[in-house]
Amino acid sequence: MHPFGRAALAAGVLICAMTLAGCASSGSSQPPAGGSTTTVTASPSSPAASSGTPAVAAPSSSAAGTACATSALQVKLGASDGYAGGVYQAIDFTNTSGSTCTLFGYPGVSLVTGPPYKQLGVPAKRTATTPAKVVTLAPGATANAVVQIVDALNFPSPSCQPAKAAALKVYPPNQFTAVYLPDTSYGCGNPVQTMYIAPVRPGSSSH
């Protein structure tokens, strides 16, 4: 099991149990109130390799520094860890600019069909099991966030209306420009909660 899978397992097991028991909350991409503003610095692991809605508002600029713009980030799928009924999928954010910037809070994540892209069901719901912290990214450094995707085929078809996605639509924290990452998970066309997103944390998901 990947390290991030173990870290998310306790929360994921509870979430899966609630979800598979028939939890069909429409979900919200709004964050829990508050959040830590502790600063965590991520160091670059290697030179930059080849290759919803925005998250919580960042702390004040004096505490958080300059937020990483979407254009300053390489956003890609990281390590994944499947389990019976779903998958934990990491999303890596690497600072490709020449300046230090910060990430704070939750990415906005949803499944989409297409192209042309159209949101499938409801966006990922933010988990409150891990406090959000400011992650400072030096040039070349990486942070990651883990999204849990529960297989929509676990749900009764009439209530879910399962459909195959084409991509994950990802907004980096506090940004309004999204990127699209190929993903063929099954989501629910109806407002059934099948996705849960954790806050960003320092480091690449492969480490």
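The values are calculated or read from the model by the stated rules, or taken from the named source; none is laboratory data. Since this is a predicted model, take the numbers as computed values, not measurements. Cβ coordinates were reconstructed from backbone atoms using ideal geometry, including for glycine residues, and neighbour counts include every protein chain displayed. Each accessible area value is taken on the protein alone, full model and side chains, heavy atoms only, with ligands, DNA and RNA left out. Shrake-Rupley method; radii C 1.70, N 1.55, O 1.52, S 1.80 Å.
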Checklist entry - Restricting the search to the range 157-194, which residues are among the polar types (S, T, N, Q) and more than 16 Å from LYS125 (Cβ to Cβ)? => result SER157, SER159, GLN161, ASN174, GLN175, THR177, THR184
Next on the checklist: Tell me the residue from SER205, SER159 that is of a type outside the set (Val, Ile, Thr) and assigned to a loop (DSSP other than H, G, I, E, B), please.
Outcome noted: SER205
Checklist entry - Looking at this structure, is PRO173 within 13 Å of the chain's Cα centre (by Cα) and not in a strand (DSSP E or B)? => result yes
Checklist entry - How many residues are touching a Gly at 6+ places or on another chain (Cβ under 7 Å) and either buried (at least 20 other Cβ atoms within 10 Å of the Cβ) or not small (Gly, Ala, Ser) (or both) when one looks only at the range 175-189? => result 2
Checklist entry - Hey, among the residues in the range 65-74 that are surrounded by fewer than 23 Cβ atoms within 10 Å (Cβ to Cβ) and assigned to a loop (DSSP other than H, G, I, E, B), which one's nearest to the chain's Cα centre (by Cα)? => result ALA69
Next on the checklist: Give me the strands (runs of 3 or more DSSP E) completely within the range 75-129, filtered to those with at least 1 residues that are within 14 Å of THR194 (Cα to Cα) and modelled with pLDDT of 95 or more, ordered by residue number.
Outcome noted: 86-95, 108-113, 118-120
Checklist outcome for this item: Taking the range 176-195 and keeping residues of a type in the set (Phe, Trp, Tyr) and in a strand (DSSP E or B) leaves TYR180, TYR186
Checklist outcome for this item: From the option list LEU111, LEU77, single residue qualifying as open to solvent by less than 20 Å² (accessible area, probe 1.4 Å) and either out of contact with any Lys or Arg (no Cβ under 9 Å at 6 or more places or on another chain) or under 24 Å from PHE155 (Cβ atoms) (or both) is LEU111
Item to check | Which numbered condition SER205 misses (of (1) at pLDDT 95 or above; (2) crowded, with 23+ Cβ neighbours inside 10 Å) | outcome: (1)
